[in-house]
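Quick notes on the structure that follows.
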Amino acid sequence: VAWCYHLPSCDYTTWPTKIPHHCSGARQSPVNIVTADVQADPSLTTFSFTGFNDSSALLNIKNADGKSVMVSLDDSKMSVSGGGLSGLYKSKQFHLHWGNGSSSAGSEHTVNGKRYPMELHIVHMKSTHPSMTVALDDPTGLAVLGFFIEATNDSSTPEMWKNLTSFLLKISRKGDVVDIKNQITMDGLLKGVNRTRYYRYLGSLTTPSCDEAVVWTVFKDPIKVSQDLINLFSTSVYINTTAQPLITNNFRGVQALKGRVIKSQPS
Ligand code: 1SD
Ligand code: ZN
């Protein structure tokens, strides 16, 4: 089924009827995080990040189906554990959601209604699963780590974001892919971010088929990236193999909690 973010016939409000099996479920993502309603959970321990300092673990960058920009990760080198997760989750890819450049609204999750300019998702799969298909059938088969991106002045942008965004013009068309091995580390992209404070809830993929298989982690502390580099996402990559239209506003609207409670570490 063809889906999209904004065209009237396929925007995200149509997903529940077009892709009813999952997109109309009871634990959909993203959500608005109301900080006053967040409950303390002492089981939310510190994460262990493996391979986040390894530049050979970031394989290539791709215009992923005209929907986002995605970096493939070597799951034999990168993984996470701890963080209240049960066992080891291997890193598969990361991708981004953004706005339209002029507005500062592009994240999927919101905090007390605030939408950040961008959101980075690192998608992980439970290491015991042989494939994504199997993982999507497990209510905790995937762990996605979400990081907000906030606009800042040039001088405090981590150098790695200049490296990463330098590839965008080479993947402007749908399906374009460029090798980036040995050039970028995940730690470099997350430089300066406090990775010990986060929100936790059970949700779904934010794109069709919206499978309800995701343990969501949304870190409180944003990555700080300059507005100029943020704008490169909404001005460099196209939804098709032609030089228009651009991929913009590739975020789903927030979904009802339907009784879910968002947890965080006790303060
Ligand atoms: O939007 C992505 C989608 O592109 C794909 O990466 C999927 C995992 O296979 O995850 C969703 S999301 O929920 O991480 N946005
Ligand atoms: Zn995503």
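Number of residues in region 191-238 that are outside any strand (DSSP E or B), within 16 Å of ligand 2 (Cβ to nearest atom) and not small (Gly, Ala, Ser): the value is 9. Being within 21 Å of Val69 (Cβ to Cβ), within 16 Å of ligand 1 (Cβ to nearest atom) and within 14 Å of the chain's Cα centre (by Cα), is that true of even one residue in region 171-186? Within region 171-186, one or more residues are within 21 Å of Val69 (Cβ to Cβ), within 16 Å of ligand 1 (Cβ to nearest atom) and within 14 Å of the chain's Cα centre (by Cα).
Going by what's in this entry, would Thr206 be described as under 19 Å from the mean Cα position of the chain (by Cα), crowded, with 20+ Cβ neighbours inside 10 Å, β-branched (Val, Ile, Thr) and under 27 Å from Leu136 (Cβ atoms)? Against the criterion (under 19 Å from the mean Cα position of the chain (by Cα), crowded, with 20+ Cβ neighbours inside 10 Å, β-branched (Val, Ile, Thr) and under 27 Å from Leu136 (Cβ atoms)), Thr206 qualifies. Would it be correct to say that Ser76 is modelled with pLDDT of 95 or more, within 29 Å of Val111 (Cβ to Cβ) and not acidic (Asp, Glu)? So Ser76 fails the test. Could you say whether any residue in region 160-180 is over 28 Å from Asn240 (Cα atoms) and surrounded by fewer than 20 Cβ atoms within 10 Å (Cβ to Cβ)? No - not one qualifying residue is present in region 160-180. Scanning region 35-47 turns up no residue that is assigned to a loop (DSSP other than H, G, I, E, B) and within 21 Å of Leu205 (Cα to Cα). Among the residues of region 90-134, just one is among the aliphatic types (A, V, I, L, M), more than 14 Å from ligand 2 (Cβ to nearest atom) and crowded, with 21+ Cβ neighbours inside 10 Å, namely Met125.
Each residue in region 247-267 was checked for being of a type outside the set (S, T, N, Q) and touching a Leu at 6+ places or on another chain (Cβ under 9 Å), and 3 pass. Hey, any hits in region 32-51 for a residue that's under 22 Å from His129 (Cα atoms), surrounded by fewer than 18 Cβ atoms within 10 Å (Cβ to Cβ), in contact with a helix residue (DSSP H, G or I) (Cβ under 8 Å, 6 or more places away or on another chain) and in contact (Cβ under 8 Å) with a residue 12 or more places away in the chain? So far as region 32-51 goes, no, none of its residues is under 22 Å from His129 (Cα atoms), surrounded by fewer than 18 Cβ atoms within 10 Å (Cβ to Cβ), in contact with a helix residue (DSSP H, G or I) (Cβ under 8 Å, 6 or more places away or on another chain) and in contact (Cβ under 8 Å) with a residue 12 or more places away in the chain.
Tallying residues that are touching a residue at least 60 places away in the same chain (Cβ under 8 Å), closer than 16 Å to Asn250 by Cα and away from ligand 1 (no atom under 16 Å from the Cβ) within region 58-104 yields 2. In region 149-168, how many are touching a residue at least 40 places away in the same chain (Cβ under 8 Å), farther than 16 Å from Val71 by Cβ and not in a strand (DSSP E or B)? Within region 149-168, residues that are touching a residue at least 40 places away in the same chain (Cβ under 8 Å), farther than 16 Å from Val71 by Cβ and not in a strand (DSSP E or B) number 4.
The values are calculated or read from the model by the stated rules, or taken from the named source; none is laboratory data. Fair warning: this is a prediction, and the values are worked out from it, not measured in the lab. Reconstructed Cβ throughout: ideal geometry from the backbone, glycine too, with neighbour counts over all protein chains shown.
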